[in-house]
Amino acid sequence: MAMEIYVFSDRKLESLAQWQAAIEAEGFALRVATATPFEALSGFLPMDLDGRKAGCECDHFDAAETMDSFSDVDFGRRWRHALAFRWGGDMAACLCAYMAAAAYARATDGHVLDCDENRMLTPREAANVVRELQKFVR
């Protein structure tokens, strides 16, 4: 079963280098592959998680359409951009997605939609999820 989270924001980062800087500012041991331009992200995004190959799917979605598909979620407002993260049952991929999403949300003043909980998380709350997940991924 695929799991998903989304980052909703009103602005985008301009490059994967900016995103990587945001990840490092959070103190996460995650490196995103930089071979694909940020605007072209679609599908699997290779990552290095604490020295191990990992990753998750990452795509740009239409924010309005995505919000409309979650009628039971209080988004608090209409956001302009949505960045989607998907993974299967792999906990390392889950951790990658949450690390990347939390850092991206903080860097863009956005929020993370936890689809399992059907609620929006602040960047700080998403970073707290990362810290909880780290207990299970070593």
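Read the figures in this text as sums done on the coordinates, not as results from a lab. Remember, predicted model here, so these are calculated numbers, not experimental data. Here Cβ is always computed from backbone atoms with ideal geometry, including for glycine, and neighbour counts include all displayed protein chains.
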Kindly provide the GluC sites (Glu not before Pro) of the stretch 2-101 that DSSP labels as loop, not H, G, I, E or B, and whose Cβ sees at most 11 other Cβ atoms within 10 Å. Glu14
Global size of the stretch 59-117 as Cα Rg and Dmax, reported in angstrom: 11.8, 32
Applied in sequence order to the stretch 117-122, the curve 6.51 cos²θ - 1.76 cosθ + 1.60 (Karplus, θ = phi - 60°) yields integer Hz couplings, x standing for Gly and Pro, of 8, 6, 8, 7, 10, 5
Estimated distance in nm for a label pair at Glu14 and Ser71, the labels positioned 7 Å out from Cα along Cα-to-Cβ: 4.1 nm
Under a point-charge model restricted to the Cβ atoms of Lys and Arg (+1) and Asp and Glu (-1), what is the dipole moment magnitude of the chain relative to its Cα centre, in debye to the nearest 20? 440 debye
Determine, for His81, His111, the number of other Cβ atoms within 10 Å of each Cβ, and report the residues in order from fewest to most. His81, His111
Considering the Cα positions of the stretch 85-138, please state its Rg to one decimal place and its Dmax as a whole number of Å. 10.5, 30
Note on the chain: the mean projected area of its alpha-carbon convex hull, in nm², is 7.5 nm²
Across the stretch 55-67, in residue order, what do the Karplus-derived ³J(HN,Hα) couplings come to in whole Hz, using 6.51 cos²θ - 1.76 cosθ + 1.60 with θ = phi - 60° and x for Gly and Pro? x, 7, 7, 8, 9, 7, 10, 6, 4, 4, 5, 5, 4
